[in-house]
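Have a look at the structure below, then the notes.
The values are calculated or read from the model by the stated rules, or taken from the named source; none is laboratory data. The structure displayed is predicted, hence computed values, not measured ones. FYI the Cβ positions are ideal-geometry reconstructions off the backbone, even for glycines, and counts take in every protein chain you see.
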Amino acid sequence: MKKILRLFICFVMVLPLQGCWDSIGLEELLIVYGLGVDISQDHPDKYLFTIGFPTIIEEAPEEKSIYFTEAPSLGAGKCNMQNKVYRQISYDNIRVIVFGEEAAKRGIINHVDSMFREPLFRGTARFAVVKDRAVDLLSIKPPVALLVSSFIYDSIEQNYEGTTVPITTLRNFSHEYYTDGIEPAMPYICYGAKPDELNIGCIALFKKDRMIYKLHGHQSKAFMLLRGEINRGIYAFDYSIPDNNNKESIAINLKGGNSKIKTELIDSKLHIYHDITVNSTLAEFIPFGVVLDKDTIKKLEEYLSQKIHKDVSSTLKILQTQLKNDNVGYGKFVKANHPEFFNAANWNAQFADAVIHINTTVKITTVGVLR
């Protein structure tokens, strides 16, 4: 009996080691942190795939390397890329996947499908669209990071916390693509005055897997409010004092909030009631001599509520009237509340025909130190 017990213990101890027989050491891998997808300029029926990775060879002339290849698909591109490099490529650590605008407008679901197959990409890899071409973006040398992919990854995080752009990953893009009642969206990257100056403050809207529109400025913030992704960030406006023609400035620091959506069918007509509450502190108020008593703060809250309502309504009009495309996700609520009315194949037309009631409320909790 003791002999059998010893054999069983040895078997249990050896069993976990069986999964390590084909492991590869980090020093033998080429670890990719960024991937770019473009339409080939020379062969428009093919794609140009770009990868960026740090160089770990001490005698290498550069601290990072960029490789690119043309191929009809991502799978073929990965095969071509492997033939070009000196180590086995690992895609498991990719942080950012950037689509050139032309490639995003053509459609990306075939690439997304390939990313879920061997070799696997992380579901948390972040998506973005860039103005012009991804290969040019990944070739930039950012002033504060070795790899531009790391810079973009962190910048998306900061702009999400600033209620400017959503965080769209491989996993949630796929989820929104296959879910009835919502269309995907992701950050859109523009360039500043300098070639290495990036602005991640816009949003690319998708219909299924194709980019169809770009939101910018207050539209981006309004879209985040519509989606209920209210975090931090500064929201600034012009302010007109009654009986005074001068335009002053007012700004608030967002401190979270909430979004509530209700739906109702009235005489077979769909009504959507969307209440948006923004919690804030007063970040800037220029007019001199204005006493910030309770009545004044109440008026400021009403003024800011109207300004945000205008931004939200104009952004919603783009989605509902111009694009006829539900990137907010109202359809998920309609599907849950009125399954007999909801038509998955025709939801965007139902969305365009719905009556949407927007109510915005701004609450100022503190006003800071006064003169």
Handout entry: Filtered residue count, segment 313-348, keeping only those that are out of contact with any Pro (no Cβ under 8 Å at 6 or more places or on another chain) and part of a loop (DSSP other than H, G, I, E, B)
Key = 11
Practice task
For segment 153-162, indicate whether the set of residues that are over 15 Å from the mean Cα position of the chain (by Cα), surrounded by 18 or more Cβ atoms within 10 Å (Cβ to Cβ) and in a helix (DSSP H, G or I) is non-empty.
Solution key: no
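Restricting attention to segment 172-211, which residues are among the aromatic types (Phe, Trp, Tyr) and in a strand (DSSP E or B)? Give the derivation first.
We begin by selecting, within segment 172-211, every residue among the aromatic types (Phe, Trp, Tyr); these are 173, 177-178, 188, 191, 206.
Scanning segment 172-211 gives TYR188, TYR191, PHE206.
Being outside any strand (DSSP E or B), more than 22 Å from the chain's Cα centre (by Cα) and modelled with pLDDT of 95 or more, is that true of even one residue in segment 252-267? Show your work before the answer.
So in segment 252-267, the residues outside any strand (DSSP E or B) come out as 267.
From what is left, the residues that are more than 22 Å from the chain's Cα centre (by Cα) are 267.
Narrowing the set further to residues that are modelled with pLDDT of 95 or more leaves 267.
Looking for residues that are outside any strand (DSSP E or B), more than 22 Å from the chain's Cα centre (by Cα) and modelled with pLDDT of 95 or more, one finds at least one in segment 252-267, hence yes.
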Exercise for the section: Hey, could you check segment 157-203 for residues that are closer than 19 Å to SER139 by Cβ and hydrophobic (A, V, I, L, M, F, W, C) and say which is modelled with the lowest pLDDT? Expected result: ALA193
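When only residues in segment 66-125 that are of a type in the set (A, V, I, L, M, F, W, C) and either without any contact (Cβ under 8 Å) to a residue 40 or more places away in the chain or outside the structural domain of ILE140 (by TED's automatic domain parsing) (or both) count, which is farthest from ASP45 (Cα to Cα)? Write out each step before concluding.
First pass over segment 66-125, keeping only residues of a type in the set (A, V, I, L, M, F, W, C): 66, 68, 71, 74, 76, 79, 81, 85, 89, 94, 96-99, 103-104, 108-109, 112, 115-116, 120-121, 125.
In the following step, the residues that additionally are either without any contact (Cβ under 8 Å) to a residue 40 or more places away in the chain or outside the structural domain of ILE140 (by TED's automatic domain parsing) (or both) were identified as 71, 76, 79, 81, 120.
On the way: ALA71: 9, ALA76: 14, CYS79: 18, MET81: 18, LEU120: 25 Å.
Here the residue is LEU120.
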Completion exercise
Scanning segment 120-150 for residues that are hydrophobic (A, V, I, L, M, F, W, C), in contact with an Asp or Glu (Cβ under 9 Å, 6 or more places away or on another chain) and closer than 13 Å to ALA103 by Cβ gives VAL129, VAL130, ALA134, VAL135
Problem - Residue match in segment 283-294 (condition: surrounded by 14 or more Cβ atoms within 10 Å (Cβ to Cβ), charged (D, E, K, R) and assigned by TED's automatic domain parsing to the domain that holds ASN337) - result: yes
Practice task
Please determine, by comparing only the residues of segment 318-337 that are farther than 20 Å from ASN172 by Cα and of a type in the set (S, T, N, Q), which one is surrounded by the fewest Cβ atoms within 10 Å (Cβ to Cβ).
Solution key: THR321
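Please verify whether ASP113 is more than 21 Å from LYS64 (Cα to Cα), among the acidic types (Asp, Glu) and assigned to a loop (DSSP other than H, G, I, E, B), treating the condition exactly as stated.
Values: more than 21 Å from LYS64 (Cα to Cα): yes; among the acidic types (Asp, Glu): yes; assigned to a loop (DSSP other than H, G, I, E, B): no.
No; evaluated as a whole, the condition is false for this residue.
Considering only segment 242-249, I want to know if a residue exists there that is modelled with pLDDT under 95, part of a helix (DSSP H, G or I) and among the polar types (S, T, N, Q). Please lay out each step first, then the result.
Restricting attention to segment 242-249, the residues satisfying the condition of being modelled with pLDDT under 95 are 242-249.
Then keep just the ones that are part of a helix (DSSP H, G or I); that gives none.
Scanning segment 242-249 turns up no residue that is modelled with pLDDT under 95, part of a helix (DSSP H, G or I) and among the polar types (S, T, N, Q).
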Completion exercise
Only one of (1) over 30 Å from HIS338 (Cα atoms); (2) modelled with pLDDT of 95 or more; (3) surrounded by fewer than 18 Cβ atoms within 10 Å (Cβ to Cβ); (4) of a type in the set (A, V, I, L, M) does not apply to VAL144, and that is (2)
Completion exercise
Within segment 349-368, residues buried (at least 16 other Cβ atoms within 10 Å of the Cβ) and either of a type in the set (A, V, I, L, M) or more than 20 Å from ASN279 (Cα to Cα) (or both) come out as GLN350, PHE351, ALA354, ILE356, ILE358, VAL362, ILE364
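Being within 15 Å of the chain's Cα centre (by Cα) and among the aromatic types (Phe, Trp, Tyr) is the filter; apply it to segment 166-206 and report the residue that is farthest from HIS216 (Cα to Cα).
Looking only at segment 166-206, we keep the residues that are within 15 Å of the chain's Cα centre (by Cα), and these are 166-177, 182-190, 199-206.
Within this subset, residues satisfying the condition of being among the aromatic types (Phe, Trp, Tyr) are 173, 177, 188, 206.
Values: PHE173: 20, TYR177: 23, TYR188: 9, PHE206: 15 Å.
Result: TYR177.
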Exercise for the section: For segment 301-309, state whether one or more residues are within 25 Å of ALA251 (Cα to Cα) and of a type in the set (A, V, I, L, M). Expected result: yes
